[in-house]
Amino acid sequence: MSSPRISSGGQRRSMTEAAIELYNDYKHDFRIFMDGVVGYIGAHPKLVGKGGAVHSTRHRLKDADSLRHKIARKAAEGRTVDETNIFDEITDLAGVRVLHLFQHSFAEIDAVIRSRVQSGDWCLGEKPRAYTWDPEAAAFFSNFDVDVRHKPTSYTSVHYLLKPRADSLVCCEVQVRTLFEEIWGEVDHQMNYPDPTDSLACREQILVLSKLVGAGSRLLDALHRVKSEI
């Protein structure tokens, strides 16, 4: 008896499930490394406490459903993800967000992360990237060793890909952003992601919100400067 034929859709599902199964095999390793990143940054004496740079942290591991959707989106873009390349194609299986109030606080957070890298305890998977739509924010980030990229979706955040060593399959994406930027991200994520909204009014209001967020961040920095002068 000949073997049953597998449709392209069925084959894709099979490849996807094999990739997810492989991720599940390594999930404990991702969790351990992610917890170490959160614990180091979230409790660092130079970053926390009264007046510390870090306001709070959040973290998560991708679950099977969100990973399945992401693989499907990449397939729609012509990028196949399977068990041979899942850890290269999807680098946010473990994710950490580091939130701060003032833009200038980013410098302290960046310094702590790079110090950990320079000591050999962490490794950068690639050059950190600063995504922003705001020319003033782009000018600020250009003072650091990051790749500044324009983000047409009105998103602003700095991304680090951290690994325990250069050849490790385990990777943790660390996103550093202000609390205002986090608010915009949460709203956009609920209304415009992963599938962009078809509502023109909704898209325009999300854009307006991004402008308010940028103005709010600059106002906080101005208030901090005034207080420092007083």
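Values as computed for the structure displayed
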{"quantity": "Residue count, the stretch 57-73 (criterion: closer than 27 Å to ILE109 by Cβ, assigned to a loop (DSSP other than H, G, I, E, B) and open to solvent by 60 Å² or more (accessible area, probe 1.4 Å))", "calculated": "0"}
{"quantity": "Filter result (in contact with an Asp or Glu (Cβ under 8 Å, 6 or more places away or on another chain), within 22 Å of HIS59 (Cα to Cα) and either open to solvent by 60 Å² or more (accessible area, probe 1.4 Å) or of a type outside the set (A, V, I, L, M) (or both)) within the stretch 14-32", "calculated": "GLU21"}
{"quantity": "Out of LEU169, LEU161, sole residue that is open to solvent by 30 Å² or more (accessible area, probe 1.4 Å), under 19 Å from GLU89 (Cα atoms) and touching a residue at least 40 places away in the same chain (Cβ under 8 Å)", "calculated": "LEU169"}
{"quantity": "Any hit, the stretch 136-154, residues being touching a residue at least 40 places away in the same chain (Cβ under 8 Å) and surrounded by 13 or more Cβ atoms within 10 Å (Cβ to Cβ)", "calculated": "yes"}
{"quantity": "Index of the failed condition, LEU47 passing every other in (1) under 22 Å from ILE183 (Cβ atoms); (2) open to solvent by 70 Å² or more (accessible area, probe 1.4 Å)", "calculated": "(2)"}
{"quantity": "Residues located in the stretch 100-154, provided they are part of a strand (DSSP E or B), farther than 21 Å from VAL48 by Cβ and either touching a helix residue (DSSP H, G or I) at 6+ places or on another chain (Cβ under 8 Å) or among the aliphatic types (A, V, I, L, M) (or both)", "calculated": "CYS123, LEU124, ALA130, THR132, VAL148, HIS150"}
{"quantity": "Residue check for LEU200: open to solvent by 60 Å² or more (accessible area, probe 1.4 Å) and more than 26 Å from PRO128 (Cβ to Cβ)", "calculated": "yes"}
{"quantity": "Criterion violated by ARG177 - all others in (1) charged (D, E, K, R); (2) assigned to a helix (DSSP H, G or I); (3) open to solvent by less than 60 Å² (accessible area, probe 1.4 Å) satisfied", "calculated": "(2)"}
{"quantity": "Options HIS44, HIS28; residue that is assigned to a loop (DSSP other than H, G, I, E, B) and modelled with pLDDT of 95 or more", "calculated": "HIS44"}
{"quantity": "Selection count, the stretch 180-197, where residues are open to solvent by less than 50 Å² (accessible area, probe 1.4 Å) and at pLDDT below 85", "calculated": "6"}
{"quantity": "Residue within the stretch 74-88 that is aliphatic (A, V, I, L, M), modelled with pLDDT under 95 and part of a helix (DSSP H, G or I) present", "calculated": "yes"}
{"quantity": "Candidate set: the stretch 77-99, residues that are of a type outside the set (A, V, I, L, M) and within 28 Å of GLY42 (Cα to Cα); chosen: the one surrounded by the fewest Cβ atoms within 10 Å (Cβ to Cβ)", "calculated": "ASP88"}
{"quantity": "Any hit, the stretch 47-56, residues being farther than 23 Å from THR16 by Cβ and in a strand (DSSP E or B)", "calculated": "yes"}
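The values are calculated or read from the model by the stated rules, or taken from the named source; none is laboratory data. All values reported here derive from a predicted model rather than from experimental measurement. Heads up, the Cβs are rebuilt from the backbone with ideal geometry, glycines too, and the neighbour counts pull from every protein chain shown. These area figures cover heavy atoms from the full protein model, side chains too; ligands, DNA and RNA do not enter into them. Shrake-Rupley method; radii C 1.70, N 1.55, O 1.52, S 1.80 Å.
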